């Protein structure tokens, strides 16, 4: 049962192969098994590739089965269409397009399995890239909010400087009227005289102005600090919204790119393995000598070809014979007097009818 199945997979003619030796049958069983297991690997690779993209196991299995059947059909077609001849160069030229196709299939099959085999290393590369993308994203978002925050901070600093400057002026007036009262500066008279009172009034007015300035500026500073807090909150919200995009940066293309950043040698050897698996049926047929099955298949095909040529030639000869006979028959008939008289009478009646019809039309016109 299994032997028949693998022979079917090889694309060989079972009716011809049944009459061949066991060794010849085993050769095609091996070819069919290679085609079958290549399709199995293609199914696994295709299913994993789609699961990586859509994260849906049922869709992945369905796609994997369809992809595996497609690869199976292609491989079976490739192997079954290679015919053994006496010229190795002719065989190689015949198989070269199929080898190129097998090369492409090997690339398609091997890549998803490489992604699975090196999954941990790829995840590490993606984690590094995600971390860098997170930092870059925060930097880009900060560039949108930092100028406005810096501008508000500078405005707050100006308001604080106004308060400090007013405090310095008020403190200077305080020292002046105290020194006047102590007699160390100004009039240098001890006691609270008119000059002291005047300087005291200047200080009190400056102090009242300072208090009002503090009240106004602190209110402005509070509003500006609230604006800064709002901007910072918006910045964090923007970062939060964009973070899921970075977190989901692990699709098929991202993983393929991450695989390309790993050392190429292990990946290359895996590709060579699948290339060897995919091309092995073709190489086996190219390297194998012309066997019993090939001779019987060639005998069957040449017999069919010869039979078709004979049928075509017979039909052409029959056609030529029919043409010659028809020409002779019609020539003999054309020389008979009876046929001439019959056609003459018919022609005479037809001309009378035409003349009558023309006469009637002329009457209607008049």
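Remarks
- Which numbered condition residue 108 fails, given (1) surrounded by fewer than 16 Cβ atoms within 10 Å (Cβ to Cβ); (2) within 30 Å of residue 253 (Cα to Cα); (3) in contact with a helix residue (DSSP H, G or I) (Cβ under 9 Å, 6 or more places away or on another chain): (1)
Table: residues versus (1) at pLDDT below 85; (2) part of a helix (DSSP H, G or I); (3) closer than 18 Å to residue 174 by Cα.
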{"residue": "201", "(1), (2), (3)": "yes, yes, yes"}
{"residue": "205", "(1), (2), (3)": "yes, yes, yes"}
{"residue": "212", "(1), (2), (3)": "no, yes, yes"}
{"residue": "216", "(1), (2), (3)": "no, yes, no"}
{"residue": "219", "(1), (2), (3)": "no, yes, no"}
{"residue": "224", "(1), (2), (3)": "no, yes, no"}
{"residue": "232", "(1), (2), (3)": "no, yes, no"}
{"residue": "237", "(1), (2), (3)": "no, yes, no"}
{"residue": "246", "(1), (2), (3)": "yes, yes, no"}
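For every residue, the table says whether it meets (1) without any contact (Cβ under 8 Å) to a residue 60 or more places away in the chain; (2) in the same structural domain as residue 39 (by TED's automatic domain parsing); (3) in a helix (DSSP H, G or I).
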{"residue": "243", "(1), (2), (3)": "no, no, yes"}
{"residue": "257", "(1), (2), (3)": "yes, no, yes"}
{"residue": "272", "(1), (2), (3)": "yes, yes, yes"}
{"residue": "283", "(1), (2), (3)": "yes, yes, yes"}
{"residue": "286", "(1), (2), (3)": "no, yes, yes"}
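- Selection status of residue 175, outside the structural domain of residue 231 (by TED's automatic domain parsing) and at pLDDT below 85: no
- Of residues in the stretch 78-98 being within 27 Å of the chain's Cα centre (by Cα) and surrounded by 14 or more Cβ atoms within 10 Å (Cβ to Cβ), the one modelled with the lowest pLDDT: 98
- Residue match in the stretch 356-366 (condition: without any contact (Cβ under 8 Å) to a residue 60 or more places away in the chain, outside any helix (DSSP H, G or I) and surrounded by fewer than 10 Cβ atoms within 10 Å (Cβ to Cβ)): yes
The values are calculated or read from the model by the stated rules, or taken from the named source; none is laboratory data. Just so we're clear, the structure is a prediction, and the values are computed from it rather than from any experiment. Methodologically, a virtual Cβ is constructed for each residue, glycine included, from the backbone with ideal geometry; neighbour enumeration extends over all protein chains shown.
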